[in-house]
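In what follows, a single structure is set out as structure tokens and then discussed.
The values are calculated or read from the model by the stated rules, or taken from the named source; none is laboratory data. What you are looking at is a predicted structure, and each value in this text was computed from that prediction instead of being measured. No Cβ is skipped: glycine too gets one built from the backbone with ideal geometry, and neighbour counts run over all protein chains shown. To get the accessible areas, we keep the full protein, side chains included, count just its heavy atoms, and leave off ligands, DNA and RNA. Shrake-Rupley method; radii C 1.70, N 1.55, O 1.52, S 1.80 Å.
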Amino acid sequence: MIRNLNIKVYLNFDYIKADYLEFEKRFALTPFQSADWLELWNDKVGLPLLKIMPQIVKIKVDEKIFMILPFGIRKKYGVKILEWMGGINSDYLGPIFDKDLIKIKNINLLWSKILVELKKFDAINLEKQSIEVVNILKTIGLDYEFKEHEKSERAILPNSWDEYQKSLKKNLKSDTKRQKRRLNEIGDLKFYQPIDEKSKKEIIKEMIAQKRIRYKLKKQWDMFGIKEYRDFYMSLSSIKSTSFSVQCSSIKINNDLIATHIGLLNKDSFYYLMPSHLSKFYKYSPGRILLFELIERTIDRNVSFFDFTIGGEIYKRSFINDEQLLFKLIKAFNIFGVYFLNIENLKSRLKFFFNK
């Protein structure tokens, strides 16, 4: 028994938004777990595309909020799946919580209490969770098997750009300078990072166009072929949050945005999310030039981390000095859930086979 426990499940952000915003000021882990990010994602993607039913759980003990878990339930293969809201557009998932939660007596019983309040589901599929999130979930009673699933990478930043450059390979630095000189011979090369909504939209629109060309050339799945994903990213131009800001950046030659990037900035990290470039300028490495500019400006802001998030692209290895494992929990609760697990396991085996 947990004394003076109150569990409430919200089906949308309307009545929990104020509490959520106040709580995340003190305990948010990343922008991806913030109310503003998740509400926008659910409005543009979760509800219209995935038909997700929000199950936002607020935990109070002695009238004090200790935890918010932004769950959602969606149907996949006809099976009801409990998952974190945020989907493929969010690199880190999970709850926000007061670390004093672990001091509450019998807190290991909390998960069994939460299960009673949630709508019925057939399986759990919780992805992209840090070890900190895994530990707190185990503490509240999710005594299930979490498996290593993804890896994220970041640069722990020094106090100055000069100091950071010492960690970079000489040929990388010299080639970047050479490419900048070559581009300056073509036109006026400038770094561009607007703050007004209209200009941000222009950069996001160009990023989407450049990404779609790249997906087609690489014969990859085109996320932006789906209207809801386009709408979500375009809406980032106008999002207003006290937890983070959306940074839209580009490298311009005259009026051409030859490389673009959409990222997030909070008080201690810059999140490198959606880089792109014009294919015809590929040989000049405009994406790398933009990356150099972004890292330098992040250091100038006295931000501690440049987070390359999930992806594992080879080029990132030249810039990172820290890695983080992310974990996944997938569990069936009935025969329908077993059916879902079997399909997911088959997909994993096929992916491994074709990627060999």
Exercise. With 26 Å as the limit, write out which pairs from Lys51/Lys99; Lys227/Lys267; Lys177/Lys280; Lys151/Lys252; Lys216/Lys316 have Cα-Cα distances beyond it, or answer none.
Key: Lys51/Lys99; Lys227/Lys267; Lys151/Lys252
Exercise. Can you check what the Kirkwood hydrodynamic radius comes to for region 244-301, Cα pairs only, in Å to one decimal?
Key: 11.8
Quiz item: When the helix-only estimate is applied to the chain (DSSP H runs of n ≥ 4, each -39,500 (n - 2.57), divided by the residue count), what is the mean residue ellipticity at 222 nm, nearest 500 deg cm²/dmol?
Solution: -11000 deg cm²/dmol
Exercise. Specify which residue in the list Ala35, Gln179, Leu69 is farthest towards the positive end of the charge dipole of the chain, using unit charges on the beta carbon of Lys, Arg (+1) and Asp, Glu (-1), about the Cα centre.
Key: Gln179
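Could you work out the Kirkwood radius for the chain, taking every pair of different alpha carbons, averaging 1/r and inverting it, reported in Å?
Kirkwood radius, the chain: 22.0 Å.
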Exercise. Can you tell me which of 112-123, 264-275, 171-182 comes out highest on packing, and rank the rest after it, using the mean Cβ neighbours within 10 Å?
Key: 264-275, 112-123, 171-182
Practice problem: Output ³J(HN,Hα) for region 56-73: one whole-Hz value per residue in order, computed from phi by the Karplus curve 6.51 cos²θ - 1.76 cosθ + 1.60 with θ = phi - 60°, and x for Gly and Pro. | Solution: 8, 9, 10, 10, 10, 10, 6, 6, 10, 6, 10, 6, 10, 10, x, 7, x, 10
Quiz item: Taking the Cα-to-Cβ direction at Tyr215 and at Lys113 and moving 7 Å from each Cα, how far apart do the two end points lie in nm?
Solution: 4.4
Quiz item: On a 0 to 90 degree scale, rounded to 10, what angle separates helix 170-186 from the longest Cα axis of the chain?
Solution: 60
Quiz prompt | Student exercise, region 200-243 dipole from Lys, Arg, Asp, Glu Cβ charges, in Debye to nearest 20 | solution = 180
Self-check item: Cα centroid separation, region 308-330 to region 36-115 (Å)
Solution: 24
Quiz item: Out of residues 5 or more away from Ile52 or on other chains, whose amide H comes under 5 Å of its own, with H placed 1.01 Å from N in the peptide plane?
Solution: Leu47
Self-check item: Area accessible to solvent at Lys252, 1.4 Å probe radius, in Å²
Solution: 50
Quiz item: What whole-number value in Å² describes the accessible area per residue of region 57-107 for a 1.4 Å probe?
Solution: 37
Exercise. Would you work out which of Ser304, Val57, Ala155 lies farthest towards the positive end of the dipole of the chain? Charges go on Cβ: Lys and Arg +1, Asp and Glu -1.
Key: Ala155
Quiz item: By how many degrees, 0 to 90 and rounded to 10, does the Cα axis of helix 286-300 deviate from the longest principal axis of the chain?
Solution: 70
Exercise. Identify the residues of region 31-54 with backbone N under 17 Å of a label point that sits 7 angstrom from the Cα of Lys76 along the Cα-to-Cβ direction, or state none.
Key: 42, 45-54
Quiz prompt | the chain, accessible surface, carbon-and-sulfur percent (1.4 angstrom probe) | solution = 50
Quiz prompt | For Gln247, distant residues with modelled amide H under 5 Å away | solution = Gly263, Leu264, Leu265
Quiz prompt | Residue-normalised accessible area of region 245-321, expressed per residue, 1.4 Å probe, Å² | solution = 39
Quiz item: What does the charge dipole of the chain about its Cα centre add up to, to the nearest 20 debye, if the Cβ of each Lys and Arg holds +1 and the Cβ of each Asp and Glu holds -1?
Solution: 1200
Quiz item: What aspartates and glutamates could a cross-link reach from Lys147, if we take a straight Cα to Cα line under 17 Å and drop same-chain neighbours fewer than 8 places away?
Solution: Glu83, Asp91, Glu127, Glu132, Glu323, Glu344
Quiz item: If you place +1 on the Cβ of every Lys and Arg, -1 on the Cβ of every Asp and Glu, and leave all else neutral, what size is the dipole of region 44-150 about its Cα centre, to the nearest 20 Debye?
Solution: 500
Practice problem: Just check region 43-171 against the gyration tensor rule for me: Cα atoms, a ≥ b ≥ c as the square roots of the eigenvalues, rounded for a/c under 1.5, and otherwise prolate or oblate depending on whether a/b exceeds b/c. | Solution: oblate
Quiz item: Angle between the Cα long axis of helix 197-218 and the longest principal axis of the chain, 0 to 90 degrees, nearest 10?
Solution: 90
